[in-house]
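Structure, as structure tokens:
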Amino acid sequence: MNYDWQPLLLTVQLAAVTTAILIVLGIPLAAWIAHSRARVKPLIETLVSLPLVLPPSVLGFYLLLAFSPQHALGAELRDHLNLSLVFSFEGLVVGSVLFSLPFMVQPVQSGFQGLPPSLAEAAYTLGKSRLYTYMKVLLPNIRPALLAGIVLSFAHTVGEFGVVLMIGGNIPGVTRVASIAIYDEVESLNYGAAHFHAAVLLLLSFTVLLAVYILNKRLQPFRRLV
Amino acid sequence: MIEMHVRKQLEGVNGPITLNCQLHINSGEFAALFGQSGAGKTTLLRMLAGLTTPDEGFIRVNGESWFDSLQKINLKPQQRRSGYVFQDQALFPHLSVRENLAFALPKQGNACIIDELLAMTGLTGLQQRRPETLSGGQRQRVALARALARQPSVLLLDEPLSALDSDTRLNLQDEIRQLHKTLGITALMVTHDLPEVFKLADKVFVLDNGMIRRTGHPAAVFAERRGDGRMHLPAEVLENHTDGITHTVTVLIGNQIVRILAGDDATALRSGDRIMLQPKTFSPMLSKLH
């Protein structure tokens, strides 16, 4: 039997791109939430956490509407950037970034909050700038939290279904990720192919999580002082 | 030289207090800020380092203005040359002892000072170790050496020895005294330990409820007399046992426990009270510290 690796590759690709974007966006956002006393903070926190409680189809539905060329945002994107976020890989990336945002932000945020404030203050009194302190003192000391955020974002994107289905559809090679492929194969009673995708996803998730827990145990002694 | 006069409204544990303090510390002097917890000692120290902003006033160090509410000057902590030793040490857990010290160096800094400081604080043999593998006393030495590595114009110590056992504490007090003598740096130390004030400080500021109540040499401030040729020992009451007529007061002097027989004047003493002990002809006389 000839197995189709395309959906699995697409899944890994989507998860990797999403995680990379979340590292760039989510970690500074987590740092801001952890240390900010701004009035809008509860609002931002709520928006970040919304995907945790909303059914993915709700998020997917609104994104579908927003990105469709009939609406202002979708039309702007099409006219000015020549970008269509509906039924495209780019659209899946945007949806996944929003959907997995809390999985990056929350562990990293509690990592930052778990650090004693004196750590950053000590760096300041030693003449180091905020950016230098962030890069050289804060980030290295929340390594387990960073690892947790990265792995959870990746794993959560791998497991995504509702959002992808709503804004991506089921286009082979473009938006047909493994979770959709399983659903599709089962619908057409093609259990063998469904088994293949499902087993690979199960194995992938298990290995990734196991690796994290083993790594985390090694990083643990590090946190004793913090 | 440190000159400061600052005011700030604080939310204390027992309601709001107004911190309103005037301090003058000469160059090379070792000063202590003494008072109960919640009196505002740490806040004053943080203001000097630029970690807390006063509502109004000024802070001048060696003639340079670090803060002035009238002229709208407020130097960032990075711009003030202060060496701050935190109560929790705030050592960087991911760096070795040596790296912790080297962190304080400016970009083109001279690494020689690291070796000197490591030798001075007896840490040369431990320089590759991570902070978590060190004892409390060793960690405190690292914090002290790191604060000095930037060659600050003032050394600020926030109860650096409060978490240590008494032997380590006494040793470190000697080392701090020695280090201060060698470097001649102006220092301000927050403490609520009276013997420590006596041992280290040339000058003490007694802070109570946001105000400085008394200032001067520790002996002058706490015992209200000095130079009378008698021995004065600061001590702490551990237990006051009475059989109705006499009192047996157990006191801690340094790390020695001494049992003293006393008369009616010991009635008011409770465990934890700070006292001054003066040996008389036959038995020591006790007088309560203010």
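The values are calculated or read from the model by the stated rules, or taken from the named source; none is laboratory data. Everything numeric in this text was worked out from a predicted model, so none of it was measured. Here the Cβ is made from the backbone with ideal geometry for all residues, glycine too, and neighbour counts use every protein chain on show.
Here are some notes:
- The set of residues from region A:20-50 being exposed (fewer than 12 other Cβ atoms within 10 Å of the Cβ) and of a type in the set (D, E, K, R) comprises A:R37, A:R39.
- Scanning region A:67-86 for residues that are free of Cβ contacts under 8 Å to residues at least 12 places away in the same chain and under 20 Å from A:V174 (Cβ atoms), we see that the one that is surrounded by the fewest Cβ atoms within 10 Å (Cβ to Cβ) is A:N82.
- For B:T18, the conditions (1) farther than 21 Å from B:K181 by Cα; (2) within 13 Å of another protein chain (Cβ to nearest Cβ) are fulfilled apart from (2).
- Condition check for B:T43: surrounded by 15 or more Cβ atoms within 10 Å (Cβ to Cβ), more than 9 Å from every other protein chain (Cβ to nearest Cβ) and farther than 22 Å from B:L161 by Cα: no
- Of the strands (runs of 3 or more DSSP E) lying entirely inside region B:63-161, the ones with 1 or more residues being in contact with a Pro (Cβ under 6 Å, 6 or more places away or on another chain) and closer than 20 Å to A:G127 by Cβ are found at B:82-85.
- Consider region B:46-80 and keep the residues that are surrounded by 14 or more Cβ atoms within 10 Å (Cβ to Cβ) and among the β-branched types (V, I, T). The one that is farthest from the other protein chains (Cβ to nearest Cβ) is B:I73.
- Number of the exception - A:E45 against (1) touching a helix residue (DSSP H, G or I) at 6+ places or on another chain (Cβ under 7 Å); (2) closer than 30 Å to A:A198 by Cβ: (2)
- Qualifying residue in region A:175-183 (condition: touching a Lys or Arg at 6+ places or on another chain (Cβ under 7 Å), modelled with pLDDT under 95 and either under 30 Å from A:V58 (Cβ atoms) or of a type outside the set (D, E) (or both)): no
- Candidate set: region A:9-50, residues that are of a type in the set (K, R) and outside any helix (DSSP H, G or I); chosen: the one farthest from A:L152 (Cα to Cα): A:R39
- A single member of B:I73, B:I17 is more than 25 Å from B:F222 (Cβ to Cβ), in the same structural domain as B:K199 (by TED's automatic domain parsing) and among the β-branched types (V, I, T), and it is B:I73.
- Any hit, region B:196-203, residues being in a strand (DSSP E or B) and crowded, with 19+ Cβ neighbours inside 10 Å: yes
- B:T168 meets each of the listed conditions (1) farther than 30 Å from B:K8 by Cα; (2) β-branched (V, I, T); (3) surrounded by 22 or more Cβ atoms within 10 Å (Cβ to Cβ); (4) within 16 Å of the chain's Cα centre (by Cα) apart from (3).
- Enumeration of residues in region B:2-34 that are outside any strand (DSSP E or B) and on the phi > 0 side of the Ramachandran plot: B:G28
- A single member of B:I17, B:I73 is touching a residue at least 24 places away in the same chain (Cβ under 8 Å) and of a type in the set (V, I, T), and it is B:I17.
- Pairs linking a residue in region B:89-106 that is more than 9 Å from chain A (Cβ to nearest Cβ) and crowded, with 23+ Cβ neighbours inside 10 Å to a residue that is among the polar types (S, T, N, Q) and not in a helix (DSSP H, G or I), with Cβ atoms under 9 Å and 6 or more positions apart or on different chains, are B:V97/B:Q127; B:V97/B:Q128; B:L101/B:Q127.
- Counting residues in region B:113-121 that are of a type outside the set (G, A, S), touching a helix residue (DSSP H, G or I) at 6+ places or on another chain (Cβ under 7 Å) and at the interface with chain A (Cβ under 9 Å from one of its Cβ atoms) gives zero.
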